[in-house]
Amino acid sequence: MFHRFAGESVIDQSNRVPDGPIMLKATDLGHQVDLDNDTLTILQGANLEIKRGESVAIVGRSGSGKTTLLGLLAGLDTPSHGTVELDGAQISALSEDERAQLRAQRVGFVFQSFQLLPALTALENVMLPLELGGHEAPETKARELLTRVGLGERLTHTPRQLSGGEQQRVAIARAFAADPIVLFADEPTGNLDNHTGQAISDLLMALNREQGTTLVMVTHDEHLAARCGRQLNIEAGELSEPDGVSAPTPLKESSV
């Protein structure tokens, strides 16, 4: 069961743009790929600023460049030109090892395909990044996180023993293991049915609101995108932001 989070209000406040410092900034960001006889432009001249604690959805058709943009913002790839700054660090100028260290300390990821290790239990999957990061009590922290996402009774289950929604909950718990300041999500509800996707949407919005984690996601889910404070549209590698902000969306109790 996914329980309502602390507080009596059932209005999702996460889609109200917070005041605060800039957490993520991209300037003239571009990415090209050299082909045999040509150059393919995937992303061109993207500029954006995202504040600490904000929730932002990047929407666009398949092949529009949105996943490429997410990877550049997260430091998974380097741009052909332009810069990316994350919490004041210009990650586009860092070495691969330096980017990996920054991601381990400040960034969490949620993927469409969950990316859980099949031989490990839910508890072990969440413990792994904590152990690699030298956390002093990885099992205690992992248990707390899994209980937080409603899986306190599924600790010893492996991924194949869990439903799709439960696997995504494990992935979310793992993403929050290092207390990231930014969470990047690539189609977090893409492999889930509507009911389960709603529950995962509720969970992401609640964690964004309660922990103040900046949330940046790529999604085809119009309802999930509408719950974010801002929507960025990307078409043929060009980024734009429509006028207006979505109205608050009710936060419902859901189960997976």
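For the range 136-160, a residue qualifies if it is outside any helix (DSSP H, G or I), within 20 Å of the chain's Cα centre (by Cα) and at pLDDT 95 or above, but none of them does.
Does Q161 satisfy the criteria of being surrounded by fewer than 18 Cβ atoms within 10 Å (Cβ to Cβ), free of Cβ contacts under 8 Å to residues at least 60 places away in the same chain and within 24 Å of D202 (Cβ to Cβ)?
Values: surrounded by fewer than 18 Cβ atoms within 10 Å (Cβ to Cβ): yes; free of Cβ contacts under 8 Å to residues at least 60 places away in the same chain: yes; within 24 Å of D202 (Cβ to Cβ): yes.
The answer is yes for Q161.
Determine, yes or no, whether G45 is at pLDDT below 90, over 19 Å from the mean Cα position of the chain (by Cα) and either of a type in the set (G, A, S) or surrounded by 21 or more Cβ atoms within 10 Å (Cβ to Cβ) (or both). I'd like the intermediate steps shown before the answer.
Details: at pLDDT below 90: no; over 19 Å from the mean Cα position of the chain (by Cα): yes; either of a type in the set (G, A, S) or surrounded by 21 or more Cβ atoms within 10 Å (Cβ to Cβ) (or both): yes.
Criteria not met by G45.
Checking L86, L120 one by one, the residue that is at pLDDT 90 or above and buried (at least 18 other Cβ atoms within 10 Å of the Cβ) is L86 and no other.
Restricting attention to the range 173-194, which residues are in a helix (DSSP H, G or I) and over 12 Å from H223 (Cα atoms)?
Going through the range 173-194, the residues in a helix (DSSP H, G or I) turn out to be 173-175, 194.
Result: A173, R174, A175.
With respect to the conditions (1) within 14 Å of F176 (Cβ to Cβ); (2) without any contact (Cβ under 8 Å) to a residue 60 or more places away in the chain; (3) in contact with a Ser or Thr (Cβ under 8 Å, 6 or more places away or on another chain), G108 falls short on a single one, namely (2).
Among the residues examined, L215 does not qualify as in contact (Cβ under 8 Å) with a residue 12 or more places away in the chain, within 17 Å of V126 (Cβ to Cβ) and of a type in the set (A, V, I, L, M, F, W, C).
The values are calculated or read from the model by the stated rules, or taken from the named source; none is laboratory data. Model, not experiment: these values are computed from the prediction. Reconstructed Cβ throughout: ideal geometry from the backbone, glycine too, with neighbour counts over all protein chains shown.
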